Amino acid sequence: MNRTDGGLIAAASRDEPGLPEFSPGDASVYANREISWLDFNQRVLWEAQDPRNPLLERIRFLSITANNLDEFISKRVGWLTRMLAQDANHRTVDGMTIAEQRVAVRERWREMRIEMDACWRDLLVPALADAGYSIVRYSSLPAEAQAALREYFIASIFPVLTPLVVDPSHPFPFISGGSLSVVLTVHPEPERSLFARVKVPANRNRFIEAGDGRFVTIEDLIESHLDLLFPGVTMSSVRLMHVIRSAEVGTPGEAADDLLEVMEDALERRRLADAVAVDLNGDLAPSTMELLLEEVRLTPQDVYASGDLLGLGDLEQLASLPLSGESFTPFTPATPSTFGRDGEDEPAFFAALRAGDLLVHHPFESFDSTVALLLLHAAQDPQVLAIKHTTYRTSPDSPILGALIEAAARGKQVAVLVELAARFDEANNIEWARRLEDAGVHVSYGNPNQKIHAKISLVVREEAPGITLYGHIGTGNYNSRTARVYTDLGLITTDPVICADLLNVFNHLTGLSRRPETKVLLVAPHNLRSELEGRVRREIDSAHRGEPARVIMKANAVEDPAFTSLLYEASQAGVQVDLISRGITRVRPGIPGLSEHIHVRSIIGRLLEHSRIYWFENGGAPEVFIGSADIMKRNLDERTEVLTPVLQPVLAARVRAILDALLADRRQSWTLHDRTWSRDQSLTDEGVHERLIRTAPFS
């Protein structure tokens, strides 16, 4: 065996001279998951550096990058650290050991932090200054401005603060993950040096107005008034610190009488989880650094020292400055004609839905006046007998869950599947679960070892011919807030086969039967993988016969090794494979003999691409599916996911038009060549998001 093409393992011979032969077992044909995820964050960071974007949007992109990177460190470095303790030499499918990945991720994290700091310091700060805004030191302000801020500090910040000193009677304080802390050395006596910490309150603005377009940071205000917190004490080595803790606390699979209590315990364990990284805005005294690292159980390699602003995620506050022309032009989501005409009258509304399937594309078409409206009408309509619904991530003020509580109060049968283990949304979901239960809603949590990620609803309505079912299958969460910035699709249908399948899925989830029996819906972990793989193999067979063969898949991630191997097989057979993958992508496209027929794009822009679409040529009778599942092992094998076919030709054609628009984009799209992402730097082309905003509604 010889290594060629950047480390790919190639056989010495093949029927076609000069073309290497690849085995699915060759580790180097798979990109590393962690590095690929960081590549996605790098693409978001580029948006902050891209001068084609308005200034405030660039600030917002930098904030998003910072939050994404913190989440990555919390999730994935937490996982790598846990795996490292079990088997540092374990190799993932791409051939890298856990130890190698931990080192590679740490180095990449540091490189990205340096680039983020430079973006803020060298690009955005000067641009803000040109626009009349600046972040200044409290000490540089005139006396009148200082006096006003001191008064604000004493009235609104000082009462919230708690100075903590470490000495024999005061143990080292717990430093919560994600928080900012002012750390310093205090000297109660000349020969004594003690570690001290003041937690920066998260319920106050990070950037405080000081007049004339000037802001000071809250930590600067705290540092400038430490004399009020430590009166009569000498202080030195004042720094800002940010600790990231692991989000890996295991899954709530243990036996328990109440899964709600198990998840509450898991949240508490996460709060107390091990630290995985520390940010500092400067160096600490060696003795102080030694104490800090000992207490948080980290090494110097886990510390990033920056001379710039920490907690760049808080820049979201500045992205709302009143700067004309420095934000994306706002738009009002369209309301499809069916909903606009009959949105106020329940009988007319449901009659319009019976007329034919509806496809809605958010946020170009309003979530609130389509999907949310369906459930609001269902809650109030006296002919509705029951509502069944899943919720994975939702907003704290969810109008949908509020409507379901109202429906239960009106005597309707309401069943809600609440996924308590939705990462970082557990507390919100626990709160909603309790509110729903208190209102008399039948709340189920499903199998504790299998997350319910499907986005499905079913309305049961009594009508003249008999019971009619109204179903919704979506690609995104039932969240009115994220529906304004995430691109998602939803199918609203009264198709009797689809709705009967939905009913079986809900009965399976609430009754925990062995498997749901479905005729057209693809449901993980039962038949979704096999059905998708079977359709790819059908395209392979078509290619072998010399017939047109094509697969288009749009997902948030293409991570599953087995599916990646199948796509390589399809490419080798001559199937044209187009992947639109926002994030993790294990595929290495464009390699002769392996993946030259695979093309991979990633769309990054003002909206977050979130829809999942699967399109197959099928010998000239295309099949298209939408739903909740990405091409990840967890989605295919370990979660409850639902994909629905889009059966009406006009709607299937509309989905294909959306795919074509994404594939044709030259403004927001990145192209993957083997392991390297590149971008068209067009200055004139209209981005696909702007085009879809301009052309909505489609119906």
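Data for the structure
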{"quantity": "Residue list for the range 39-88, filter: surrounded by fewer than 19 Cβ atoms within 10 Å (Cβ to Cβ), free of Cβ contacts under 8 Å to residues at least 24 places away in the same chain and part of a helix (DSSP H, G or I)", "calculated": "MET83, LEU84, ALA85, GLN86"}
{"quantity": "Among the residues listed as THR671, THR695, the single one being over 29 Å from PRO561 (Cα atoms) and among the hydroxyl-bearing types (Ser, Thr, Tyr)", "calculated": "THR695"}
{"quantity": "Candidates LEU528, LEU491, LEU509 - the one that is in contact (Cβ under 8 Å) with a residue 12 or more places away in the chain and either among the hydroxyl-bearing types (Ser, Thr, Tyr) or more than 30 Å from ILE604 (Cβ to Cβ) (or both)", "calculated": "LEU509"}
{"quantity": "Those residues of the range 441-457 which are modelled with pLDDT of 85 or more and of a type in the set (Gly, Ala, Ser), in sequence order", "calculated": "ALA454, SER457"}
{"quantity": "Residue among VAL198, VAL182, VAL186 that is out of contact with any Lys or Arg (no Cβ under 9 Å at 6 or more places or on another chain) and buried (at least 17 other Cβ atoms within 10 Å of the Cβ)", "calculated": "VAL198"}
{"quantity": "Residue match in the range 88-101 (condition: within 30 Å of VAL216 (Cα to Cα) and hydrophobic (A, V, I, L, M, F, W, C))", "calculated": "no"}
{"quantity": "Test: residue in the range 525-539 that is small (Gly, Ala, Ser) and touching a helix residue (DSSP H, G or I) at 6+ places or on another chain (Cβ under 8 Å)", "calculated": "no"}
{"quantity": "Total residues in the range 236-253, condition modelled with pLDDT of 90 or more and over 23 Å from PHE72 (Cβ atoms)", "calculated": "2"}
{"quantity": "Any hit, the range 450-466, residues being in a helix (DSSP H, G or I), hydrophobic (A, V, I, L, M, F, W, C) and assigned by TED's automatic domain parsing to the domain that holds THR370", "calculated": "no"}
{"quantity": "Helices (runs of 4 or more DSSP H) contained in the range 90-201 and holding at least 1 residues in the same structural domain as ARG245 (by TED's automatic domain parsing) and closer than 30 Å to TRP46 by Cβ", "calculated": "none"}
{"quantity": "Some residue of the range 631-644 being more than 19 Å from LEU567 (Cβ to Cβ) and surrounded by fewer than 20 Cβ atoms within 10 Å (Cβ to Cβ)", "calculated": "yes"}
{"quantity": "Some residue of the range 368-391 being of a type outside the set (A, V, I, L, M, F, W, C) and modelled with pLDDT under 90", "calculated": "yes"}
{"quantity": "Members of the range 540-570 that are over 20 Å from VAL624 (Cα atoms) and among the small types (Gly, Ala, Ser)", "calculated": "GLY546, ALA562, SER565"}
{"quantity": "Test for LEU502: is it touching a Ser or Thr at 6+ places or on another chain (Cβ under 6 Å) and surrounded by 16 or more Cβ atoms within 10 Å (Cβ to Cβ)", "calculated": "no"}
{"quantity": "Among (1) at negative phi; (2) within 26 Å of the chain's Cα centre (by Cα); (3) acidic (Asp, Glu) - the single one ASP674 does not satisfy", "calculated": "(1)"}
{"quantity": "Every pair of residues 6+ apart whose Cβ atoms lie under 9 Å, when the first sits in the range 142-167 and is over 17 Å from ARG206 (Cβ atoms) and modelled with pLDDT of 95 or more while the second is buried (at least 16 other Cβ atoms within 10 Å of the Cβ) and among the charged types (D, E, K, R)", "calculated": "ALA145/ARG214"}
{"quantity": "Subset of the range 284-332 (residues that are of a type in the set (D, E, K, R), surrounded by fewer than 19 Cβ atoms within 10 Å (Cβ to Cβ) and either free of Cβ contacts under 8 Å to residues at least 24 places away in the same chain or closer than 17 Å to ASN67 by Cα (or both))", "calculated": "GLU290, GLU294, ARG297, ASP308, GLU316"}
{"quantity": "Sole exception among (1) modelled with pLDDT of 95 or more; (2) within 24 Å of the chain's Cα centre (by Cα) for LEU647, by number", "calculated": "(2)"}
{"quantity": "Top-ranked residue in the range 63-80 [being in contact with a strand residue (DSSP E or B) (Cβ under 6 Å, 6 or more places away or on another chain) and of a type in the set (Val, Ile, Thr); ranked as farthest from GLU47 (Cα to Cα)]", "calculated": "VAL77"}
{"quantity": "Among (1) over 16 Å from PHE625 (Cβ atoms); (2) surrounded by fewer than 23 Cβ atoms within 10 Å (Cβ to Cβ), the one test that ASP578 misses", "calculated": "(1)"}
{"quantity": "Segments classed as helices (runs of 4 or more DSSP H), wholly inside the range 283-386, with at least 1 members that are farther than 26 Å from ALA407 by Cα", "calculated": "286-296, 337-342"}
{"quantity": "Enumeration of residues in the range 206-237 that are within 19 Å of GLU316 (Cβ to Cβ), part of a loop (DSSP other than H, G, I, E, B) and touching a helix residue (DSSP H, G or I) at 6+ places or on another chain (Cβ under 7 Å)", "calculated": "ARG206"}
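The values are calculated or read from the model by the stated rules, or taken from the named source; none is laboratory data. Fair warning: this is a prediction, and the values are worked out from it, not measured in the lab. Cβ sites come from the backbone with ideal geometry, for glycine too, and all protein chains shown count toward neighbours.
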